[in-house]
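Reviewing the structure listed below.
Only the coordinates and a few stated rules stand behind these numbers; no lab work does. Just so it is clear, the structure is predicted and the values come from calculations on it, not from any experiment. Backbone-built Cβ (ideal geometry, glycine too); neighbour counts: all protein chains shown.
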Amino acid sequence: MANHEKLEIAFHGAAGEVTGSRHLLGFREGNLLLDCGMFQGHRNDAATKNRTFRFPPASIDAAILSHAHVDHCGLLPLLYKNGCGSPVYATSATTEIAGIMLADSARLQEGDARFYNKIHATEKLTIEPMYDEDDAKLAMSHFKPFDYKTVFSPLPGVSARFLNAGHVLGSAMVMLDLDAPAGRRRLLYTGDLGRAETLLLDAPAAPQGVDYLVIESTYGDRTHEPLVDAAGKLAEVIKKAVKERGKIIIPSFALERTQEIIFILDKLRHDKTVPEIPVYIDSPMAVSLTEIFDRHREGVCFNAKFRDYSRTDGDPFGFDDIRYLRTREESQTLNNKSGPMLIISASGMCEGGRVLHHLRNGLEKENNTILLVGYQAHGTLGRKLQDGMKAVKIFGIEHEVWASVETMHTFSSHADKNDLLAFIKAANPARGVFLVHGDAEARAALAATLAAENIKNVKCPAMGESFELS
């Protein structure tokens, strides 16, 4: 797309699906990539979508990262491994977090490949990681951090600013003022948009003067349960585990979701609402990220309510009986421990990491509970469990599901249908809306809602589709 006379946007990921965000702006001055995320789904499907870019990596002149979730940043190491040498712009917190996320992603791929290849050696089935830790370090060497609201120019003719997205620590909407053939145009890319009601972070505010809006639609067809219900529902699950002497296994996103759950557990302990049981944070990445949250807890992203509690409590991410585990040996000891206990482990969609080993050892026991606390994309192991499958494959080996599987939508850090509608109406984009990062049903439902509100020029781009921005 480089050297085009037109200003165009092309959608190379998260178009009609939730993960793998990759959106490419092409114009006279070059190609600007908005996010470079990993598609998360069934192993074979994910391999096909992740290992081949729909554009030459060397053609990217600059990249901007909205936040450090792997479905938005996870293919940056592969991009640089395959020839990209351009800068990546992100907020300071996102830059810090991305370093941990990408290194961990590389380690997980290498570890999962070793384990898969070992147990399938007699069948001569093998998988290879997409990239290694050196590739992750190469990508990180190109990061250029900027604070919120600071104006920077990723390419000639482009003025950019990061605005709080309220989704995870460091998350940002990207506001771009672009030189187009017909004049100056303002494009806002929300990345993942936070809720109007949040546990830890300030809610996002819609900027004005937007011409084009590229917005997520993950929950475009539904509303969330009120956050006020989260503590009570988590308390019920804990009481059940105590009564049945079972394990609670929470597959959790290491970034934000884990810290939210720890925060609620801290408040439950503080209020003496639940029996005290051991809590294990079994994810080296989650441990490191929680340390970052602790260092930033007086920062601009956090809301006043959390900051007030933090000052009063002194340690909102720590209490008696919580243990942060880093080593594989510490993780393995949990398999031989009896419940009740609560294990929080990545990944959130059960597609890799230590949680797979806890599920292998816990799914077939009736007194255990698998508590899903985040979005489960189609094709993932988490979605299969959520849909009630009675037998699932982990590392290619089938396991029966006898444990209780429960879902809490309360914790979602994504804007729901009402939040999205309010944001779009407030932004009032003059020239068009592009709905991304949503499955077909959710996106179509949001498009219908916007049509009913007489919001025009709403597009649901297909994979690889491009549009001229006039």
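Working note: Karplus 6.51/-1.76/1.60 with θ = phi - 60° gives the range 271-278 the couplings 8, 6, 7, 10, x, 7, 10, x Hz, where Gly and Pro are set to x. Using the Cβ-Cβ distance between THR312 and ARG245 with R0 = 35 Å, the FRET efficiency computed as 1/(1 + (r/R0)^6) comes to roughly 0.55.
Report summary: the helix-based calculation at 222 nm, which adds -39500 (n - 2.57) for every DSSP H run with n ≥ 4 and divides by the residues of the chain, gives -9500 deg cm²/dmol. Cross-link partners of LYS305 among lysines, defined as those whose alpha carbon lies under 18 angstrom from its own and excluding same-chain residues fewer than eight positions apart: LYS267. With a Förster radius of 45 Å applied to the C-beta separation of SER159 and PHE115, the computed FRET efficiency comes to 0.40. Note on the chain: dipole from Cβ charges, positive end direction compared against ALA106, LEU32, ALA440; the farthest Cα belongs to ALA440. All distinct Cα pairs of the range 214-275 go into the 1/r average, and the inverse of that average, the Kirkwood radius, is 13.6 Å. A dipole drawn for the range 227-407 from +1 and -1 charges on Cβ atoms has a positive end, and of LEU255, ALA377, ILE292 the residue lying farthest that way is ALA377. Which residues' amide hydrogens lie under 5 Å from the amide hydrogen of LYS459, considering only partners 5 or more residues apart or on another chain, with H built in the peptide plane? Sorted by chain and number, the residues that satisfy this are VAL433, PHE434, LEU435. Among 313-319, 376-382, the peptide with the highest mean count of other Cβ atoms within 10 Å heads the list, and the full ranking is 376-382, 313-319.
Report which label in [x] 35, 30, 20; [y] 32, 28, 21; [z] 36, 25, 21 holds the value of semi-axes √(5λ) of the Cα gyration tensor in Å derived from the coordinates of this structure. Answer label, from the structure shown: [z].
Each Cα pair under 8 Å and six or more residues apart adds its separation to the average, and for the range 227-407 the resulting relative contact order is 31 percent. In this structure, the amide hydrogen of ALA62, modeled 1.01 Å from its nitrogen in the peptide plane, lies closer than 5 angstrom to those of ASN31, LEU33, counting only residues at least 5 positions away or on a different chain.
Using only Cα coordinates, the Kirkwood hydrodynamic radius of the range 397-470 works out to 15.0 Å. Among the trypsin sites (Lys or Arg not before Pro) in the range 248-295, those placed in a DSSP loop whose Cβ has at most 13 other Cβ atoms within 10 Å are LYS272. For PHE146, nonlocal amide neighbours, meaning residues 5 or more places apart or on other chains whose placed amide H falls under 5 Å from its own, are ALA90, THR91, SER92.
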